[in-house]
1. Among (1) closer than 30 Å to ASP285 by Cα; (2) within 19 Å of the chain's Cα centre (by Cα); (3) at pLDDT below 65, where does ILE234 come up short?
2. So PHE249 clears everything in (1) open to solvent by 50 Å² or more (accessible area, probe 1.4 Å); (2) at pLDDT below 85; (3) not in a helix (DSSP H, G or I) except one condition, right? Which one?
3. Which of the residues spanning the range 39-51 are among the aliphatic types (A, V, I, L, M) and either within 16 Å of GLU147 (Cβ to Cβ) or surrounded by fewer than 16 Cβ atoms within 10 Å (Cβ to Cβ) (or both)?
4. Does HIS30 fit the bill of being at pLDDT below 95 and either open to solvent by 50 Å² or more (accessible area, probe 1.4 Å) or not in a strand (DSSP E or B) (or both)?
5. When you check HIS242 against the structure, is it in contact (Cβ under 8 Å) with a residue 60 or more places away in the chain, part of a helix (DSSP H, G or I) and in contact with an Asp or Glu (Cβ under 8 Å, 6 or more places away or on another chain), yes or no?
6. Using the structure shown, decide if LEU55 is surrounded by 14 or more Cβ atoms within 10 Å (Cβ to Cβ), under 26 Å from VAL3 (Cα atoms), touching a Pro at 6+ places or on another chain (Cβ under 8 Å) and aliphatic (A, V, I, L, M).
7. Take the range 66-108 and flag every residue that is in a loop (DSSP other than H, G, I, E, B), touching a Ser or Thr at 6+ places or on another chain (Cβ under 7 Å) and of a type in the set (A, V, I, L, M).
Amino acid sequence: MFVDEAVIFVKGGDGGNGCVSFRREKYVPHGGPDGGNGGKGGDIIIHVSDKIDTLLDLTSRVKYIAESGVHGKGSTKKGKDGKDLRIDLPRGTIIKDRESGRILKDVSIVGETIVIARGGRGGRGNKCFATSTNQVPRQAEKGKPGEARWLILELKLLADVGLIGMPNAGKSTLLSRISAARPKIADYPFTTLQPQLGIVEIADYRRFVVADIPGLIEGAHRGIGLGDEFLRHIERTRLLVHLLDVSPFAKVAPADAYFIIRNELKQYNPALAEKTEIVVANKMDLLDIQDGMKSIQTLEEKISKPVCPVSMITGKNIDQLIGLMANALHEAPSALNESVCG
């Protein structure tokens, strides 16, 4: 199950209290103070792991509290420090403070560790308070409480290419065609209910990662449909591949569908609309050659962009599309508009 949001409470361990104690030995009935310091509370540590790719594990537990430090003891024995508590997060997780909404960290490096809530300092024992004028101090410090805060965790997939389009445009089929990913595919809207990732292998041992998100509909940025909560997953991508259904059975005309999705991107985050984009006309196998050529020409005129015609069923132009995606990722953006699939 893919989970990309979680809210958790984290608290560092409390510091142990300092001890009030006096040395008592045979022949030394009135020894000096020997109360030890309390141990430090454990920290809450975020660790970025490549072993997980979802926040599912964090949904079964809300509170994460590190171990408290042990109180100090006599004979100047310091209390044991509390154990740190580690929380594993997948790459691409954004950590926010729930109260302020401020982004605390955007984690993307595997193996990176961040102390997100520090443990409290241990209190000092009475030995630390001994002076020339106060040789029998009877006070000690209490341990400091650990830092505590509520966190909002948001996962944004790390992919090079994001597939966008209306439901049933063929995004999942394309992902299954160009990678080893096997998303659920069916001839009805909202087949994809969670983001899918696929790795595309190209020449010279190069590869790039493609993310398929649930189909978008008009009003998605306001929470209508299923795709709005997944728009964040294409914010990190370098390239958008916009699929349009040009078949006679499409519920929305291709040009209208294009502008609806473009508007949703702009409303959600204007930076999304500025990303490099490849426009793909899918389901060309349902049009004859003459009608298909005319449809592509009309579409290009309406959206003022080149269009790559493909068929996921027959495989027509799939290899050319992969090449176009690779060029767009590795070459100058200006070269993109000069290349279309044949």
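1. For ILE234, the failing item is (3).
2. Every condition holds for PHE249 apart from (2).
3. Keep residues of the range 39-51 that are among the aliphatic types (A, V, I, L, M), which gives 44-46, 48.
The answer is ILE44, ILE45, ILE46.
4. On the way: at pLDDT below 95: yes; either open to solvent by 50 Å² or more (accessible area, probe 1.4 Å) or not in a strand (DSSP E or B) (or both): yes.
Against the criterion (at pLDDT below 95 and either open to solvent by 50 Å² or more (accessible area, probe 1.4 Å) or not in a strand (DSSP E or B) (or both)), HIS30 qualifies.
5. Working: in contact (Cβ under 8 Å) with a residue 60 or more places away in the chain: yes; part of a helix (DSSP H, G or I): no; in contact with an Asp or Glu (Cβ under 8 Å, 6 or more places away or on another chain): yes.
No.
6. Working: surrounded by 14 or more Cβ atoms within 10 Å (Cβ to Cβ): yes; under 26 Å from VAL3 (Cα atoms): yes; touching a Pro at 6+ places or on another chain (Cβ under 8 Å): yes; aliphatic (A, V, I, L, M): yes.
When the stated conditions are applied, LEU55 passes them.
7. Step one: list which residues in the range 66-108 are in a loop (DSSP other than H, G, I, E, B), which gives 66-72, 74-76, 78-84, 91-92, 98-102, 108.
Going one step further and asking which of them are touching a Ser or Thr at 6+ places or on another chain (Cβ under 7 Å), we end up with 74, 82, 91-92.
Within the range 66-108, none qualify.
Condition check ((1) within 25 Å of the chain's Cα centre (by Cα); (2) free of Cβ contacts under 8 Å to residues at least 40 places away in the same chain; (3) open to solvent by less than 50 Å² (accessible area, probe 1.4 Å)) across all residues:
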{"residue": "GLY123", "(1), (2), (3)": "no, no, yes"}
{"residue": "GLN135", "(1), (2), (3)": "no, no, no"}
{"residue": "GLY162", "(1), (2), (3)": "yes, no, yes"}
{"residue": "ALA169", "(1), (2), (3)": "no, no, yes"}
{"residue": "SER179", "(1), (2), (3)": "yes, yes, yes"}
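The values are calculated or read from the model by the stated rules, or taken from the named source; none is laboratory data. If you're wondering where the values come from, they're calculated on a predicted model, not measured in any experiment. Virtual Cβ from ideal backbone geometry, glycine too; neighbours counted across all protein chains shown. Surface areas here come from the heavy atoms of the whole protein model, side chains and all, with no ligands, DNA or RNA. Shrake-Rupley method; radii C 1.70, N 1.55, O 1.52, S 1.80 Å.
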